[in-house]
Structure formats: C-alpha cells, structure tokens
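A quick write-up on the structure given underneath.
Only the coordinates and a few stated rules stand behind these numbers; no lab work does. Source: prediction; values computed, not measured. Reconstructed Cβ throughout: ideal geometry from the backbone, glycine too, with neighbour counts over all protein chains shown.
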Amino acid sequence: MKSNTAKVSAFILIAIAIAACNSVKRVPDGKLLLTENKIFENNKVIKTEITSNQLSQNPNAKLFGFPLALTLYNWAKPNPDSTYLLKFKNNPKKLERMTKWLSAKQVEQLGNSFFYKGIHNVLKKIGDAPEIIDKTRADKSLLRLKYYYFNQGFFDIKANYTIDSLKYKKGRVNYFITTGKPYVLDSITPFITSPAIDSLYRLTAESSIIKSGSQYKTEDFENEKNRLTSYFRNNGAYHFQPNNITFNVDTINKNHKANINLKISDFSFQENDSSKTAPFKLMKISEVKIYTDYKAAEANYSITDSTNYNNFTLLSKQKLKYRPKAITNAIFIYKGSLFSDNNTSLTSRYISNLKIFNYPSIIYENDKRDSTSQSLIAKIYLTPKKKYSFGQSIDITHSNIQNLGIGFSPSISIRNVFNGAETLEFSGRANVGSSQDFANPNDVFFNASELGLDLKLNFPRIVFPFKTERIIPKNMFPSTLISTGYSIQKNIGLDKENLIGAIAYNWTPKKNNTARFDLFNVQFVRNLNPTNYFNVYTSSYDALNEIAKKPEYNVNPSYFDQEQNLIVENGTNSFIQDVLSATPSINTTPTDFSAIKSIEERRIRLIENDFILATSFSFSKTTKKDNSDNNFYLFKTKIESAGSLLSLFANASNMDKSSNGRFELFDLEYSEYIKTEFDYIKHWGFSKETVFALRSFFGIAIPFGNSNNIPFSRSYYSGGSNDNRAWNPFRLGPGSTGGVNDFNEANMKLAVSAEFRFQLVGNLKGALFVDAGNIWNVLDNTEDRKAQFTGLKDLENIAIGSGFGMRYDFGLFVFRLDLGFKTYNPANEINRRWLKDFGIGRSVLNFGINYPF
C-alpha cells in the first residue's frame with residue numbers, strides 16, 4: 001500500500017512538473033503568461049469574488065493547481081496540415097509507398113482525418129488558449145475597479161497597476177487601489193409636483209432604501225427607484241415609469257457627506273404632435289372585458305356571444321364554452337379597483353396555471369367615457385389550447401429482476417372537461433421484459449410484463465363541501481387533484497396487483513413556497529404469486545439453504561432437488577415449519593434458529609397484501625430565483641398518518657379482530673403508522689462554476705395500533721446515485737447488518753451529503769463528494785440488534801462513502817457519472833471499518849441525470 005502511494009505521488013509530481021514546463025509552450029517571445037492577479041486595497045491584498053469579477057483578464061483555470069485546459073490546448077499542434085505535408089517533403093519515398101497502397105487523393109484526404117487534424121482541433125476547442133498579459137485589458141480592468149469603488153461611495157479613489165515579470169515567460173498584474181474616505185448620505189429632500197404621487201410617497205417614505213447616515217451606494221439608488229416605481233404602479237399610477245425618478249447628489253464642500261435631492265417629474269405625453277406634461281392621476285378600472293376564444297391570426301374578431309358575470313364581461317366569437325365563474329375566478333383585475341401591476345401579473349399566472357389557455361395578453365385602454373381621464377378598460381385576450389392532446393414515451397430499463405425492459409406509455413389530456421377549466425388525463429403503461437428468474441419452457445425472450453392505467457382529474461380550485469376562500473384565497477393558486485390507478489404484473493417479483501387513489505389539494509402560500517394536503521391516499525397491494533418469494537429474494541434463499549444443508553440437522557431428503565438444494569416452495573416452507581413449529585422436529589442452534597425465524601418473518605411480511613389509507617401534509621420553501629442561482633436553500637417536510645381513522649371506526653363499531661389480534665378491512669389487516677420527513681439542501685456559490693452543496697435528510701415511520709411494521713412501499717432504503725454513492729441501491733444497512741437481504745429497507749433513515757463542484761474543461765464539470773448515512777429499524781418487530789436503533793451510540797453505524805464524479809452539461813440536462821468508495825463500512829468489525837473496503841474493485845459507479853441534490 002505504501003509502495004503504491006509513493007508511486008502515485010511520484011507520478012503526480014512528475015505530471016505537474018511536465019505541465020509547468022509545458023504551460024508557456026504557446027507563449028510568443030517577448031510576451032508573458034498571466035499567472036496571477038493581485039488586488040491591493042489600501043496596501044492590503046484582498047481576494048473577494050466581487051472585486052475579482054471586475055477584472056477583464058484572469059489566469060487560465062486550474063484544477064487543484066494543475067492547468068488542465070491550458071495543457072490540453074498546448075498539446076494541440078498549431079498547424080497540423082503543415083506537419084502532415086512536411087513528413088512527405090522530407091521523405092518522398094514514403095509518399096510514393098503510401099500512394100501505391102492508397103490513391104493519391106486518399107493520401108491527401110488522410111491529412112484531414114481525425115488522427116492527423118481532427119484531434120488537434122478537438123484539443124483546441126476543449127482547451128484554453130494561454131492568457132497573455134494584455135495592457136489594453138489591464139487598463140480596462142483598472143477602469144472597472146475604479147467604477148466599482150466609486151459606486152460604493154469612494155469618490156476620491158486613486159488607482160494604478162504594475163506588471164511583474166516572474167519566471168520564464170510568466171507574469172503577474174498588481175492592481176493598487178487607494179479608496180480614501182467613503183461618502184455618507186446626509187439630507188434627503190423630495191421634489192414632487194404631482195399631488196397624487198406626493199401623497200403616495202409620504203405613505204412609503206419610511207420604507208426607503210436610501211437613508212441618512214448610510215454609506216453612498218449606487219445600487220441602493222437603483223433599487224429605490226424600482227421600489228418606488230413598483231409601489232406607485234401598484235396603487236393606480238398606470239403611466240408612471242422609472243425614468244420619472246431622478247436623484248441629484250450634491251457633495252460640494254460637504255466634508256464627505258452627500259445631500260440627495262429626489263425629483264419625481266410629471267407625466268409626459270404627446271398630443272397633436274406636441275409634447276405636454278400633466279400631474280399623474282391614479283387610474284381606476286371602469287370595465288373588464290374577457291375575450292375567451294381570441295386568435296391573433298384572425299384579423300376580424302366579431303362577437304356572437306357575450307355574458308356579464310360579477311362585473312366582468314365575457315365575449316366570444318362562437319358560443320361560450322366555459323362557465324363564467326371558472327374564468328372570472330382566475331381574474332384579479334376588478335371593476336372599481338385601482339390599476340395594479342401585481343394584479344396583472346397574478347391574472348397572467350393564474351390563467352397560465354389553468355392549462356387550457358396559452359399565455360394571455362392583457363392590455364389597458366383609456367376609457368373615453370370618463371371626462372376626468374382617470375378610468376381604464378382592461379381587455380384580457382385568451383387563446384384556448386387544443387381540446388385534446390396526445391403524448392407517448394418509450395423507455396428501456398434494467399433492474400435487479402429484469403435483465404431488459406421496454407416500456408411504452410401513451411397518454412391523452414382532455415381540457416375543459418366540465419366547462420370549468422378542468423383537465424382530465426388518461427395514461428397507460430405497458431412494459432415487457434426479459435427475466436432469468438422464471439421458468440421459460442417455451443424459450444420466450446420477453447417473459448415478464450406489466451400493464452397499468454392511471455386517471456387524473458385536476459380542478460383549478462379547492463373542491464370541498466365547505467368554502468375555503470378565507471383559509472386558502474385564490475391568490476395562492478389552489479387546485480384539487482383526484483387520481484386513481486391500477487396496475488398488474490406478471491413474472492415480476494411477486495406479481496403485484498396495485499390499486500391506488502387519492503384526493504390532494506395544492507396551493508402556494510407565498511412566493512417560492514408550496515403546500516400539499518392529501519385528504520386521503522389509499523393503496524391496495526395484492527401479491528398474486530407469493531410462492532415465488534424465494535426465487536426473487538435469493539439472498540434469503542441462499543441463507544436458508546446453507547443452514548438446511550448442515551448434516552447435523554438431518555433434514556428430510558425430499559425437501560431437496562437432485563443438486564441437493566431446497567425445493568421452492570415445498571422444501572423451503574417444510575424446512576421452516578420443522579424448525580419453527582410449536583413442536584419442532586428439527587432442533588437447531590440458537591444462532592440458526594434466530595436466522596430462520598428472521599427469514600420467515602421477512603417472508604411473511606413481504607408476501608402479505610397491504611391496505612394503506614393515509615392522510616398527509618407536505619410543505620416546501622426555497623430561496624432559489626432561477627437555474628443560474630448558486631446561493632440558495634431548499635427545505636421540505638412531510639407528515640403522514642395512516643390507519644388512525646379506520647381504527648377509530650373499528651373501535652367505535654366493535655369490529656371483529658383477526659387471529660393476530662388486529663382489525664381487518666376487506667379481509668386485510670390495514671396498516672397504521674405515523675411518518676415524518678425533513679429534507680434540507682443548501683448551496684454556496686463561490687463563482688459561476690464553483691459550488692459547495694450540502695444535503696441533510698431525516699425520516700422516520702413508527703408503526704402502532706394495527707401494525708407492528710411498516711409496509712415495504714412506505715419504508716426507506718439507502719444507497720444509489722442520489723443517496724450514498726459508495727453502495728448500490730438497497731445494499732446498505734439496516735445498521736451494521738451488512739445488507740444481507742436482496743432489498744434491504746427499514747423505517748428510519750439519516751443521510752448527509754456534501755459535494756464540491758467545479759469546472760474541468762468547457763461544459764465538462766467535476767465533483768468531489770462525501771456521503772454519510774444509514775437506515776435502521778426502530779420501534780417495530782425487528783429483533784436483530786444489528787439492525788436496530790436504540791440510542792445515540794448506534795450513530796457509530798453511519799456509513800461513509802466518498803469519491804469523485806464528472807458531469808457534462810448538455811443545456812437541457814446534465815449527464816452524471818460518480819465513482820463512490822466505501823470509506824467507513826459499519827458492516828465490518830469495529831477495528832476494520834475505516835478504509836478496508838476502499839479500492840477500485842469495491843467501488844460503485846453511478847449513472848444519473850442532473851445533479852443529485
């Protein structure tokens with residue numbers, strides 16, 4: 001191990017030395033490669049990102065001190081065509097031989113091949129040309145630095161730069177900034193000639209961003225201008241624009257203090273080819289017209305149908321196809337209200353969320369009927385989407401059970417189903433696959449299948465027996481989703497039959513916040529082929545088979561096949577009964593008895609049919625502004641309760657219990673549990689391409705009442721491309737058990753991941769990551785102490801994986817490769833947990849789309 005480490009270290013040092021010599025390979029004589037920028041602020045070196053961003057020229061990017069992109073560029077030959085021809089010019093006989101073997105034209109074309117030319121073009125494209133120190137760009141950088149400090153209130157700034165020659169053909173640019181004393185805001189005096197605007201300003205003056213005593217910042221003035229414009233326009237000032245606001249800064253003889261004059265000009269407009277001004281007026285909405293079937297391509301829009309509803313006028317070229325309330329409920333522009341940009345934006349968003357119209361066009365016109373010129377007519381143009389839309393997708397999959405799977409998913413969406421802007425969606429699933437787990441006497445390649453049908457009905461409002469407007473107003477964009485689905489499998493696992501149904505309410509309490517309440521979510525799972533258990537869960541079978549083969553137990557020979565393996569299912573079940581029955585015919589050691597009991601308990605649990613009736617609430621909040629935002633957090637939480645209402649009903653009605661002492665519904669013991677989850681993600685952006693990301697997750701599901709364990713579909717697993725990447729999915733835990741089952745799951749999970757992302761070359765990104773976490777059984781019927789969580793001491797069984805990855809950004813999505821190494825494996829003995837499984841042979845390669853968190 002030490003020898004290998006020394007070799008690797010030596011190789012890295014040699015590679016760095018070669019790269020260092022190679023870095024100036026393409027630097028012309030008399031020029032310097034920019035290796036460093038230094039910014040001195042009042043004689044102190046500063047390294048803030050915002051000041052570095054002012055520089056128009058920066059050194060070539062480095063990966064852990066290694067100029068990878070520059071090195072790739074330098075490997076490329078500047079003129080591969082000339083190099084190709086030169087070898088024939090110096091060796092005519094070689095040209096003659098190649099011409100005999102190939103044609104003259106082919107020899108010429110060979111010079112344009114990828115091997116001779118293309119590879120060098122690729123290296124130039126993905127690499128970076130050397131950054132040669134450019135005085136013009138240094139002058140520009142200095143000017144930008146002066147502007148930056150000036151905008152921070154340093155009006156007496158002095159700046160210059162020097163260029164230092166370092167090693168051979170390398171140099172550094174030093175920028176020297178002397179800021180002087182910053183200017184501070186003194187008096188702020190408004191000059192407003194429009195009485196209506198003056199009244200509004202006085203109401204919002206206390207919220208001003210620019211305040212006496214604060215340091216001058218140009219950004220504050222721009223933000224204040226936008227704040228005032230938004231405030232005025234949301235309170236009726238329809239004609240108001242940001243250029244109506246100007247700030248005059250007076251610093252003459254003020255001893256580093258600045259007096260601010262805020263001037264708001266009157267409304268300027270054109271009338272009869274002449275410019276005029278007038279005080280601003282606060283405009284009210286006198287009429288709201290909604291054109292329900294507008295098409296921009298049609299020049300003439302002749303109205304044949306119209307109706308008035310709650311002070312709205314709905315107009316249609318053809319017969320009106322919508323219930324008036326469904327449309328007007330999406331409108332936040334009301335007759336008699338002041339003009340407001342916010343109400344216009346809310347209306348556009350709500351109409352778009354209906355999913356039955358294209359993005360609306362909303363315009364305002366002066367109402368000529370008003371002699372005071374203080375009224376606006378709002379016209380809302382709606383262009384309907386097609387009544388029906390069709391979709392389809394084809395997927396190719398690979399899983400633990402199916403070697404190859406092909407899925408086809410058609411769908412149809414029907415808009416405005418009940419004339420209330422509802423959307424109905426039918427979707428189907430048809431999958432065929434090839435599996436080696438099943439007998440295949442007819443040698444059929446696709447011997448596994450799954451069929452499913454889903455139905456979703458979306459209402460753009462809360463559908464409830466009672467009014468909910470006061471609790472969830474329409475500006476929270478409420479909606480109701482009613483869904484149901486059915487699927488059936490053949491030769492996949494235990495051939496499940498799955499029936500689901502739900503009624504869910506969604507709304508947005510605030511910007512970037514979302515909430516969902518599932519009034520009920522029902523799931524019925526029936527295993528059609530439970531006798532196939534040991535063919536699917538082969539790890540359980542192997543463990544049972546190994547115990548049964550022990551000669552001291554003298555197991556009935558009829559339980560085995562010709563190869564002396566337990567026969568599924570007669571042999572496996574008979575052997576288990578011989579050991580676990582009240583009067584056992586086979587007496588095993590306590591260790592083997594415990595193992596067989598655990599195998600049987602797991603088998604019974606996984607072949608049981610499930611009935612889940614749950615109610616849940618989930619909430620999420622994020623500060624992410626857009627896809628380019630690298631500084632944000634995302635918080636999600638969920639709480640779910642299942643079976644409690646059924647138990648209340650069962651106890652009240654004295655419902656009979658099964659032999660296990662549990663209530664049954666439809667001959668099924670329904671599940672009862674409480675489940676909660678917390679998920680927190682935080683990103684820190686050090687630059688556009690350099691990000692540190694952190695994720696933490698905690699989830700727990702506690703069975704009680706009618707259950708002593710959690711259904712498989714509601715349990716947790718660990719491992720995989722979006723979890724602990726040093727383990728495959730379902731292969732980590734529970735606790736320190738070592739993932740002995742085929743699908744390891746439990747009812748408590750803790751996970752923490754950290755990832756440092758950086759740019760390698762062009763769109764190719766790199767990442768270093770550390771994942772930690774595990775799953776445990778808690779407060780359920782699991783008896784294996786290694787799988788249980790009983791106290792903080794069990795946190796020593798948190799698994800740690802680390803590794804590196806590469807991502808390629810295609811724009812629409814990111815393709816991801818991660819290689820994870822088992823750094824701390826809790827399945828090993830305590831003194832062998834650290835780095836004992838750390839190696840390429842035991843690493844896990846993960847493929848993924850987009851970032852893991």
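Descriptive notes on the structure:
- Each helix, a run of at least 4 DSSP H residues, gives -39500 (n - 2.57); summed and divided by the residues of the chain, these come to -6500 deg cm²/dmol at 222 nm.
- Contour minus Cα-Cα distance for SER337 and ASN763 (0.36 nm per residue): 148.3 nm
- With the charge dipole of the chain set up from +1 on Lys and Arg Cβ and -1 on Asp and Glu Cβ about the Cα centre, the Cα lying farthest toward the positive end among the listed residues LEU228, VAL691, ASN828 is that of LEU228.
- Within the shell defined by Cβ-Cβ distances under 12 Å, the residues around PRO826 carry a net charge of +1, with Lys and Arg each +1 and Asp and Glu each -1.
- At least 20 Å along the helix axis (C-alpha) and Kyte average at least -0.5, DSSP helices within the chain: 2-22, 590-607
- Test item: Cα-centred dipole of the stretch 210-351, Lys/Arg +1 and Asp/Glu -1 on Cβ, debye: 500 debye
- Listed residues VAL288, ILE327, PHE339: farthest to the positive end of the dipole of the stretch 284-381 (Cβ charges): ILE327
- Contour excess over end-to-end distance, with Cα ends at LYS510 and GLU469 and 0.36 nm allotted per residue: 13.2 nm
- For the stretch 531-607, the relative contact order works out to 28 percent when only alpha carbon pairs closer than 8 Å and six or more residues apart are counted.
- Length released on extending from SER187 to ALA278, taking residue separation times 0.36 nm less the Cα-Cα span: 29.9 nm
- Estimated from the Cβ-Cβ distance and a Förster radius of 51 angstrom, the FRET efficiency linking SER212 and PHE813 is about 0.50.
- Sorting the Cα pairs of the stretch 568-685 by distance into bins of 5 Å, from 0 upward, gives 2, 8, 12, 11, 10, 10, 10, 10, 9, 7, 5, 4, 2, 0 percent per bin.
- Geometric descriptor of the stretch 179-281, per residue, is 114 Å³ (volume of the convex hull of the Cα atoms).
- Spacing of the two label points (7 Å from each Cα toward its C-beta) at GLN577 and SER373, in nm: 9.7 nm
- Computed over the stretch 629-849, the percent of Cα pairs more than 25 Å apart is 49.
- Within the stretch 753-843, the GluC sites (Glu not before Pro) that combine a DSSP coil assignment with at most 10 other C-beta atoms in a 10 angstrom radius are GLU829.
- 5 angstrom amide H check on PHE520, placed H, neighbours 5+ away: ILE503
- Relative contact order computed over the stretch 284-381 (Cα-Cα under 8 Å; 6+ residues apart), in percent: 34 percent
- The peptide list 25-35, 203-213, put in order of mean Cβ contacts within 10 Å with the highest first, becomes 25-35, 203-213.
- Between the beta carbons of LYS657 and ASN831, assuming R0 = 56 Å, the FRET efficiency works out to 0.70 to the nearest 0.05.
- Assigned charges on the beta-carbon of Lys, Arg, Asp, Glu; the stretch 388-528 dipole about Cα centre (debye): 920 debye
- For the stretch 777-846, chymotrypsin sites (Phe, Trp or Tyr not before Pro) meeting the loop criterion (DSSP other than H, G, I, E, B) and having at most 15 other Cβ atoms within 10 Å: PHE810, PHE813.
- Residues GLU689, GLU298, GLU563 in ascending order of nearby Cβ atoms (within 10 Å, fewest first): GLU563, GLU298, GLU689.
- Spatially proximal lysines relative to LYS765 (Cα-Cα < 16 Å; intrachain offsets below 8 disregarded): LYS62, LYS125, LYS688
- A Cβ-based charge dipole, computed about the Cα centre of the chain with Lys and Arg at +1 and Asp and Glu at -1, lands at about 4120 debye.
- Charge dipole of the chain about the Cα centre (unit charges at C-beta), most positive-ward option of SER558, TYR350, VAL417: TYR350
- Three-way shape call for the stretch 629-681 based on the alpha-carbon gyration tensor, with the a/c threshold at 1.5: prolate
- Centroid-to-centroid separation of the stretch 729-799 and the stretch 190-255 [C-alpha atoms, Å]: 54 Å
- Taking TYR147, TYR680 and counting other C-beta atoms within 10 Å, the order from fewest to most: TYR147, TYR680
- Packing rank of 42-53, 124-135, where each peptide gets the mean count of other beta carbons within 10 Å, highest leading: 124-135, 42-53
- Note on the stretch 734-793: Rg/Rh from Cα positions, Kirkwood definition for Rh, rounded to two decimals, is 1.22.
- Using the average count of surrounding beta-carbon atoms within 10 Å as a protection proxy, the listed peptides 764-770, 582-588, 701-707 rank, highest first, as 701-707, 764-770, 582-588.
- Measuring nothing but alpha carbons in the stretch 663-731 and taking Rh as the Kirkwood radius, the Rg to Rh ratio lands at 1.19.
- Put in order of Cβ neighbour count within 10 Å, fewest first, the listed residues SER275, SER265, SER753, SER373 become SER275, SER373, SER265, SER753.
- Alpha-carbon Rg with Dmax, taken over the stretch 388-528, Å: 19.5, 65
- The value of relative contact order for the chain, using C-alpha pairs under 8 Å at least six residues apart, is 5 percent.
- Under 5 Å, built H, 5+ apart or other chain: amide partners of THR823: ILE800, GLY801, SER802
- Out-of-range pairs (alpha-carbon distance over 24 Å; input LYS263/LYS510; LYS140/LYS170; LYS225/LYS625; LYS490/LYS657; LYS325/LYS474; LYS355/LYS511): LYS263/LYS510; LYS490/LYS657
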